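The block underneath contains the structure these notes are about, expressed in structure tokens.
The values are calculated or read from the model by the stated rules, or taken from the named source; none is laboratory data. Just so we're clear, the structure is a prediction, and the values are computed from it rather than from any experiment. Reconstructed Cβ throughout: ideal geometry from the backbone, glycine too, with neighbour counts over all protein chains shown.
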Amino acid sequence: MGDEIGRQRFEEIVGGFKAASVLVLGDLMMDEYLCGAVRRISQEGPVMVVEVESDEFKPGGAANVGNNLQALGAHVVIAGVVGDDEGGRLLQSDLAAWNIDVSGVITDPTRPTTRKTRVIAQNQQVIRVDREQTQPVSEAVAQRLIHHISASIKDVDAVLVSDYRKGVLTPEIAKTVIGIAAQAGKPLITNPKPSSAPWLAGAQVLSLNRSEAEDLGRRRLGVDAYSDDIFGEALRSELDVDTLVITWGARGLSYWRRNGEYRYVPAHRVEVADVAGAGDTTISAMTLAVLAGATTYESAVIANRAGACVVRKSGVATLTADELLRAGNEGAASYD
């Protein structure tokens, strides 16, 4: 396969995905796509008039992570917050239809469901409209989330934190969840934003993309990524996590472990349709590979492969285990 994972081993790891159960904590979003055609300019101003031909909703944010895990074969429990509105009801209904456990989704009437509306005409995104509130959840909502995680931890194999800085993850919730996972002996896999990454010390895996890592490096270390290997280890040590993963887009990804192991996993270019949601697929595949008994290197290769597969699709998409296996048989791949 060109990446030091034989076909049999690749199939063995991916085949183990279906035995995993993951609790996802994070910001739930509704992605809306208004697709149509532009045939004229508005008489009200110099703007295009998009004649909408289709309206599609998809789970986004941590909900997309949950969808990716489920599509890859895992059992998924979701913990997050939605508003008392149409978006929240549609989101919960859609997740439940995928056989995802939504008992940990809390309805908070004081805030709207985060909703990102993309207007697309002639296959080009014209504008995106965001409806959201990003203040931290109330203490009452935080306690309900923590109670659900405490009650669910015995029935899952890992906790995956997917933070988009929309208010669900706070320093207090992060600290409590770290303690719950550690006490239960369950791995904590995290995909935070730069501002929340320092709250997740002790995580087994923390994943950032290049721009996030460099932003955090400037803030915490006062340096940019001038030398990938040195920069990454310094950042891993600063964040105090077992494994730091940095995705480099067209260059692939790298990881640094507490035991001193450093590996760079190169990428191979594929034809890209849309990179939206690729990070969700990557962290989902890495989580399931870890739970299936893969080494860190094997998990990184499989995560790279999964990201390559999903960017070939338009919009925020998911990937099935069968699609990932077919990609494995095609040879090494990643995304640009």
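In the set ASP240, ASP228, ASP215, ASP224, only one residue is modelled with pLDDT of 95 or more, more than 30 Å from ASN123 (Cβ to Cβ) and not basic (Lys, Arg); that residue is ASP240.
A count restricted to the range 111-143 and to residues that are crowded, with 20+ Cβ neighbours inside 10 Å and assigned to a loop (DSSP other than H, G, I, E, B) stands at 3. Applying the criterion of being of a type in the set (Ser, Thr, Tyr) and in a loop (DSSP other than H, G, I, E, B) to the residues of the range 149-170, the residue that is nearest to PRO112 (Cα to Cα) is TYR164. Among the residues that make up the range 234-248, is at least one of them touching a helix residue (DSSP H, G or I) at 6+ places or on another chain (Cβ under 6 Å), closer than 21 Å to THR281 by Cα and part of a loop (DSSP other than H, G, I, E, B)? Looking for residues that are touching a helix residue (DSSP H, G or I) at 6+ places or on another chain (Cβ under 6 Å), closer than 21 Å to THR281 by Cα and part of a loop (DSSP other than H, G, I, E, B), one finds at least one in the range 234-248, hence yes. Check the range 22-43 and report whether any residue there is more than 30 Å from ILE120 (Cα to Cα), in contact (Cβ under 8 Å) with a residue 24 or more places away in the chain and surrounded by fewer than 21 Cβ atoms within 10 Å (Cβ to Cβ). The answer is no; no qualifying residue exists. Being free of Cβ contacts under 8 Å to residues at least 24 places away in the same chain and in a strand (DSSP E or B) is the requirement here; does SER93 meet it? So SER93 fails the test.
Output the residues belonging to the range 73-94 that are closer than 19 Å to ASP155 by Cα and either crowded, with 23+ Cβ neighbours inside 10 Å or in contact with a helix residue (DSSP H, G or I) (Cβ under 8 Å, 6 or more places away or on another chain) (or both). If the condition is that a residue be closer than 19 Å to ASP155 by Cα and either crowded, with 23+ Cβ neighbours inside 10 Å or in contact with a helix residue (DSSP H, G or I) (Cβ under 8 Å, 6 or more places away or on another chain) (or both), then GLY73, ALA74, VAL76, VAL77, ILE78, ALA79, GLY80 are the ones that fit.
Looking across the range 146-169, the residues that are more than 25 Å from GLU214 (Cβ to Cβ) and either surrounded by fewer than 17 Cβ atoms within 10 Å (Cβ to Cβ) or without any contact (Cβ under 8 Å) to a residue 40 or more places away in the chain (or both) come down to ILE146, HIS147, SER150, ALA151, LYS154, ASP155. In the range 197-233, which residues are assigned to a helix (DSSP H, G or I) and aromatic (Phe, Trp, Tyr)? The answer is TRP199, PHE231.
Please give the number of the condition GLY60 fails out of (1) in contact (Cβ under 8 Å) with a residue 24 or more places away in the chain; (2) surrounded by fewer than 24 Cβ atoms within 10 Å (Cβ to Cβ); (3) within 27 Å of the chain's Cα centre (by Cα). Every condition holds for GLY60 apart from (2).
Is it true that THR107 is modelled with pLDDT of 95 or more and within 26 Å of PRO194 (Cβ to Cβ)? Criteria not met by THR107.
This table checks each residue for (1) touching a Gly at 6+ places or on another chain (Cβ under 7 Å); (2) among the β-branched types (Val, Ile, Thr); (3) surrounded by 16 or more Cβ atoms within 10 Å (Cβ to Cβ); (4) at positive phi.
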| site | (1), (2), (3), (4) |
| --- | --- |
| LEU206 | no, no, yes, no |
| ASN209 | yes, no, yes, no |
| ASP215 | no, no, yes, no |
| TRP248 | no, no, yes, no |
| GLY260 | no, no, no, yes |
| ARG263 | no, no, no, no |
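Among the residues making up the range 287-336, those that are within 30 Å of VAL119 (Cα to Cα), modelled with pLDDT under 80, in a loop (DSSP other than H, G, I, E, B) and not aliphatic (A, V, I, L, M) are ARG312, LYS313, SER314, GLY315, THR318, SER334, TYR335, ASP336.
Here is a yes/no grid of residues against (1) farther than 15 Å from ILE189 by Cβ; (2) of a type outside the set (D, E, K, R):
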{"site": "GLN204", "(1), (2)": "no, yes"}
{"site": "ARG210", "(1), (2)": "yes, no"}
{"site": "ALA213", "(1), (2)": "yes, yes"}
{"site": "ASP229", "(1), (2)": "yes, no"}
{"site": "ALA234", "(1), (2)": "yes, yes"}
{"site": "ASP240", "(1), (2)": "yes, no"}
{"site": "THR247", "(1), (2)": "no, yes"}
{"site": "ALA250", "(1), (2)": "yes, yes"}
{"site": "ARG257", "(1), (2)": "no, no"}
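Evaluate the range 100-110: report whether one residue or more is among the polar types (S, T, N, Q), buried (at least 19 other Cβ atoms within 10 Å of the Cβ) and closer than 17 Å to ALA62 by Cα. No - not one qualifying residue is present in the range 100-110.
If the requirement is being in a strand (DSSP E or B), β-branched (Val, Ile, Thr), in contact with a helix residue (DSSP H, G or I) (Cβ under 9 Å, 6 or more places away or on another chain) and closer than 19 Å to ILE78 by Cβ, which of these qualifies: ILE146, ILE189, ILE180, ILE173? Only one candidate qualifies: ILE189.
Got a sec? Which of ALA74, ALA63, ALA79 is at pLDDT 95 or above and in contact with a Phe, Trp or Tyr (Cβ under 7 Å, 6 or more places away or on another chain)?
Among ALA74, ALA63, ALA79, only ALA74 is at pLDDT 95 or above and in contact with a Phe, Trp or Tyr (Cβ under 7 Å, 6 or more places away or on another chain).
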